[in-house]
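Here is the structure we will look at, set down as structure tokens.
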Amino acid sequence: MAVTIERSDARAWPDEQMAELFSEGFPDFIVADRLVKEYIGRVREWFTGLDLTLVDEHQVPVASGWGVPIQWDGVTETLPTGYTDALVRAVEDREKGLEADTLVICGAVVTPSLKGRGLAGETLRALRRTGEEAGLSKVVAPVRPTTKALYPLTPIETFMRWTREDGMALDPWIRTHQRLGATILSAAPASQTMTGTVAEWEQWTRMAFPESGDYVIPGGLSLLRVDRTSDHGVYREPNIWMRHS
Ligand SMILES: CC(C)(COP(=O)(O)OP(=O)(O)OC[C@H]1O[C@@H](n2cnc3c(N)ncnc32)[C@H](O)[C@@H]1OP(=O)(O)O)[C@@H](O)C(=O)NCCC(=O)NCCS
């Protein structure tokens, strides 16, 4: 299928088309990261050129992906701790006047009816090209493995080593990156931290949490820890750092 690539801020698409694009994307609690809320406004304003949308021949948005620029020396140990820290680094680097040299791919989504046809790979390639044109010669991604939610008890360090018989990763989203030449660098066990009251967590997950303790939650890549005494729930989302060649 023929798609064209546009900056996401090039025009406004109808609300129902955007809702469809993101309809099977992310669990409700994805918005509960306090630091992301603090930084996302500046990210959207400053790095909008790294936010792309793929449009089909009927002008419908079918995929989207975005990233941020950071300065990074290429050493795994000095990577941001994960997705959220990458946003913080990008904003703070820019505030300090540091010149970015690395694209951090932060996310991608493909419209549900067109999953599994390589559109995600096209999105990643478009992002890499755009980054390169902006002088970002290195490319990394804190990858959110889509099937990790099926294995919430498994440590991310273990999960990221699981492969199929052909040697590719068990997780399909890691495979999409691998097919583009990316390799796994390290685990990011606390890439994001989502917090909320017990009532908020009950609303986001449509579950009840009658007692303090650890819970498996729908769409959760790890466990939710609930403390009813302090009326607080914490979920730390594990991701996997990958580097594109
Ligand atoms: C992750 C995502 C972007 C991948 O997009 P995609 O265009 O389906 O990716 P690909 O076409 O490269 O498919 C990747 C693999 O997943 C498989 N797959 C994923 N979803 C599928 C589906 N609904 N039907 C069939 N195959 C699917 C593909 O067969 C492929 O497997 P392979 O390696 O054996 O060929 C997409 O599934 C999505 O939007 N998910 C929700 C948002 C999300 O989790 N984003 C990633 C974190 S930011």
Q.
Suppose we keep only residues that are of a type outside the set (Lys, Arg) and more than 14 Å from the chain's Cα centre (by Cα) within the range 33-42. Which one would you say is farthest from Thr195 (Cα to Cα)?
A. Gly41
Q.
Can you find, within the range 118-147, the residue that is farthest from the chain's Cα centre (by Cα) among those that are within 14 Å of the ligand (Cβ to nearest atom) and among the basic types (Lys, Arg)?
A. Arg125
Q. Filter the range 193-232 for residues that are under 15 Å from Val31 (Cβ atoms) and part of a helix (DSSP H, G or I); which is most open to solvent (accessible area, probe 1.4 Å)?
A. Gln203
Q.
With the structure loaded, tell me whether Arg129 is more than 26 Å from Met1 (Cα to Cα) and of a type in the set (D, E, K, R) or whether it fails that test.
A. no
Q. Would you call Leu170 open to solvent by 50 Å² or more (accessible area, probe 1.4 Å), among the hydrophobic types (A, V, I, L, M, F, W, C), within 30 Å of Leu50 (Cα to Cα) and modelled with pLDDT of 95 or more?
A. yes
(Q) So in the range 173-192, with the set limited to residues that are closer than 18 Å to Glu237 by Cβ, open to solvent by 20 Å² or more (accessible area, probe 1.4 Å) and not aliphatic (A, V, I, L, M), which one is nearest to the chain's Cα centre (by Cα)? (A) Trp173
Q) Do any residues in the range 84-99 that are in contact (Cβ under 8 Å) with a residue 60 or more places away in the chain have Cβ atoms under 6 Å from those of residues that are open to solvent by 10 Å² or more (accessible area, probe 1.4 Å) and part of a helix (DSSP H, G or I), where the two are at least six apart or on different chains, and which pairs are they? A) Thr84/Leu35; Thr84/Val36
**Q.** Residues of the range 36-59 satisfying the condition of being touching a Ser or Thr at 6+ places or on another chain (Cβ under 8 Å), hydrophobic (A, V, I, L, M, F, W, C) and over 19 Å from Val140 (Cβ atoms)
**A.** Leu54, Val55
Q) Is there a residue in the range 140-161 that is among the acidic types (Asp, Glu), assigned to a helix (DSSP H, G or I) and open to solvent by 10 Å² or more (accessible area, probe 1.4 Å)? A) yes
Q: Please state which one of Gly135, Gly181, Gly131, Gly121 is touching a Leu at 6+ places or on another chain (Cβ under 7 Å), farther than 22 Å from Leu21 by Cα and not in a strand (DSSP E or B).
A: Gly131
**Q.** Near pairs, Cβ below 7 angstrom, 6+ apart or cross-chain, from the range 145-167 (over 20 Å from Ile217 (Cα atoms)) to any residue that is open to solvent by 30 Å² or more (accessible area, probe 1.4 Å)
**A.** Met160/Ile184; Trp162/Leu170; Thr163/Leu170; Arg164/Leu170
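The values are calculated or read from the model by the stated rules, or taken from the named source; none is laboratory data. Worth saying up front: this structure is predicted, and the values here are computed from it rather than measured. Cβ sites come from the backbone with ideal geometry, for glycine too, and all protein chains shown count toward neighbours. Areas reflect the complete protein model, heavy atoms only, side chains present, ligands, DNA and RNA absent. Shrake-Rupley method; radii C 1.70, N 1.55, O 1.52, S 1.80 Å.
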